[in-house]
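Asker: Have a look at this one before I ask anything.
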Amino acid sequence: MFTPNAMRVKRSPIERVSALIRQDTINLAGGSPDPSLIPLGKLGEAYTQVVEEYGAKAFFYPGAGGLDELVEQLRGWCSTLEIGGGEVVVTSGAQHAITQVCAALLSTQDTYIHENPTFVETMNSFLYYSVQGEPVPVDDQGIRTDILEARLKARRSPPKLLYTVPTAHNPSGVTMSEERRKHLVELAHKYGFTIIEDDPYRPISKPTRTLYSTSPDDVVYVGSLSKALAPGLRIGFVVTTNHALAEKLKDLEQMDFSTSTVNQLVAAKILKSGLIQSKLGELREHYASKMHLMLQSLAEHGLKPVYQPQDGFFCLLNTNTDVEELLLRAVRLGVAFVPASEFYFDNSGQTNIRLSVGPVDKSLIPEGVNRLTKALNNNEQA
Ligand SMILES: Cc1ncc(COP(=O)(O)O)c(C=O)c1O
């Protein structure tokens, strides 16, 4: 009934776990930001102002590529975050941006390299267009560029794309070191492949140099307001020096008429007010301190994550047990995590789980880890 492409797109483990979360579950699973940091009052005011200022036009079709108001603000946002300049195309989040970039650049026979583990949901976009993905392992410094280089040397032709999440990686939590960043862009330049730099955690993590600013012609940058503002607005963007690509992305947006006009205008208003720019330090500090508490709580129970993240939302834990059974026990005990096996593309990581400090209230992290430990010890007594 379904096309082979559609058959390759599966419901992610994150979606599966979301369905199990009850009101009293401590959510160590989600990738949403902390609800206490979503500026509800300012968002409400911005919606009111947009309706007053634009009237019915705020609810017209948006037009391809993004409204001028938002594109202008995103240029400023790129300069605040030292992303680098280029043509900006507005998308419905980073997820949509990646789907569109894959639609523009990836044919069935094209090979792409990605980190292992990697973010399972963006992988759907790659897999939809091509099954020729090749995983390269990650360590505490980011993608193993030494292994990548050896593979590139052995290949007859270069891959078309390389997909990376260099900052506060999902799911490992690792931020790629300066040295690896430099090596990675050198390899892209030398072997002639394009890097897709997926960077939604940049606004909430320790500042790093973007791959894009190091070598703009070798990198397509993908940004998002989901983590610093609100994921439900669905505002992301692509930055590229490639005019033809920017135009093609706009052509492709005629297939889905993205991105919501009113949400673009609201995002433009919020950016123009300087609200999130003024809170960047607070956001970074907030998530770094939650991550610190998560690592500390794990250590108190003798648990050591696979990598040692400094900030961002995620860390991985090897449970050495059947993760699906563990999840059922954990949910009964009132804590949720994401089984991480589907973030791996070489059958490793089967007993790993992804823990998140994103949406959970900081004060609940120690109890969340406590409940997780009980589930691990097969001790369901509360
Ligand atoms: C690495 C990565 N890329 C992309 C996305 C999707 O972000 P957006 O909400 O901007 O579509 C996420 C969301 O969790 C993510 O972690």
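Asker: Can you tell me which of (1) farther than 18 Å from G358 by Cα; (2) part of a helix (DSSP H, G or I) is the one K10 doesn't meet?
Answerer: Of the numbered conditions (1) farther than 18 Å from G358 by Cα; (2) part of a helix (DSSP H, G or I), the odd one out for K10 is (2).
Asker: Looking only at the range 173-201, count every residue that is over 11 Å from Q141 (Cα atoms) and either within 11 Å of the ligand (Cβ to nearest atom) or in a loop (DSSP other than H, G, I, E, B) (or both) and tell me the total.
Answerer: Total satisfying the criteria: 8.
Asker: Further, regarding this structure: State the number of residues belonging to the range 100-126 that are more than 15 Å from the ligand (Cβ to nearest atom) and either in the same structural domain as Y307 (by TED's automatic domain parsing) or assigned to a helix (DSSP H, G or I) (or both).
Answerer: Qualifying residue count, the range 100-126: 3.
Asker: Output the residues belonging to the range 352-382 that are open to solvent by 40 Å² or more (accessible area, probe 1.4 Å), in contact (Cβ under 8 Å) with a residue 24 or more places away in the chain and farther than 22 Å from D311 by Cα.
Answerer: R371, K374, L376, N378, E380, A382
Asker: Now a separate question. From the list T167, T194, T145, which one is open to solvent by 10 Å² or more (accessible area, probe 1.4 Å) and either touching a residue at least 24 places away in the same chain (Cβ under 8 Å) or closer than 23 Å to V120 by Cβ (or both)?
Answerer: Within the list T167, T194, T145, the selection yields T194.
Asker: Report the residue count in the range 56-66 for those that are open to solvent by less than 30 Å² (accessible area, probe 1.4 Å) and more than 15 Å from the ligand (Cβ to nearest atom).
Answerer: Of the residues in that region, 3 qualify.
Asker: Let me ask something additional. State yes or no: is G93 away from the ligand (no atom under 14 Å from the Cβ) and either modelled with pLDDT of 95 or more or surrounded by fewer than 24 Cβ atoms within 10 Å (Cβ to Cβ) (or both)?
Answerer: Judged against the criteria, G93 is not a match.
Asker: While we're here: Out of R8, R16, report the one residue that is touching a Pro at 6+ places or on another chain (Cβ under 9 Å) and among the basic types (K, R).
Answerer: Step by step, each of R8, R16 is checked, and only R16 is touching a Pro at 6+ places or on another chain (Cβ under 9 Å) and among the basic types (K, R).
Asker: When only residues in the range 296-308 that are closer than 11 Å to V174 by Cβ and of a type outside the set (F, W, Y) count, which is surrounded by the fewest Cβ atoms within 10 Å (Cβ to Cβ)?
Answerer: Ranking the candidates gives Q308 first.
Asker: Could you check the range 309-323 and list, in sequence order, the residues that are at pLDDT 95 or above and open to solvent by 60 Å² or more (accessible area, probe 1.4 Å)?
Answerer: Listed by number, the residues that qualify are N318, N320, D322.
Asker: Can you list residue pairs whose Cβ atoms sit under 6 Å apart, with the first residue in the range 58-87 being closer than 18 Å to D217 by Cα and the second being in a loop (DSSP other than H, G, I, E, B) and open to solvent by 20 Å² or more (accessible area, probe 1.4 Å)? Count only pairs 6 or more apart in sequence or on different chains.
Answerer: Sorted first by the residue in the range 58-87, then by its partner, the pairs are G86/T241.
Asker: When residues of the range 22-41 are filtered for being open to solvent by 50 Å² or more (accessible area, probe 1.4 Å) and either assigned to a loop (DSSP other than H, G, I, E, B) or touching a residue at least 40 places away in the same chain (Cβ under 8 Å) (or both), how many remain?
Answerer: 6
The values are calculated or read from the model by the stated rules, or taken from the named source; none is laboratory data. Not measured: the values here are computed from a predicted model. When we count neighbours, we look across all protein chains shown, and the Cβ atoms used for this are built from the backbone with ideal geometry, even at glycine. Only protein heavy atoms, including side chains, enter the accessible area calculation; ligands, DNA and RNA are left aside. Shrake-Rupley method; radii C 1.70, N 1.55, O 1.52, S 1.80 Å.
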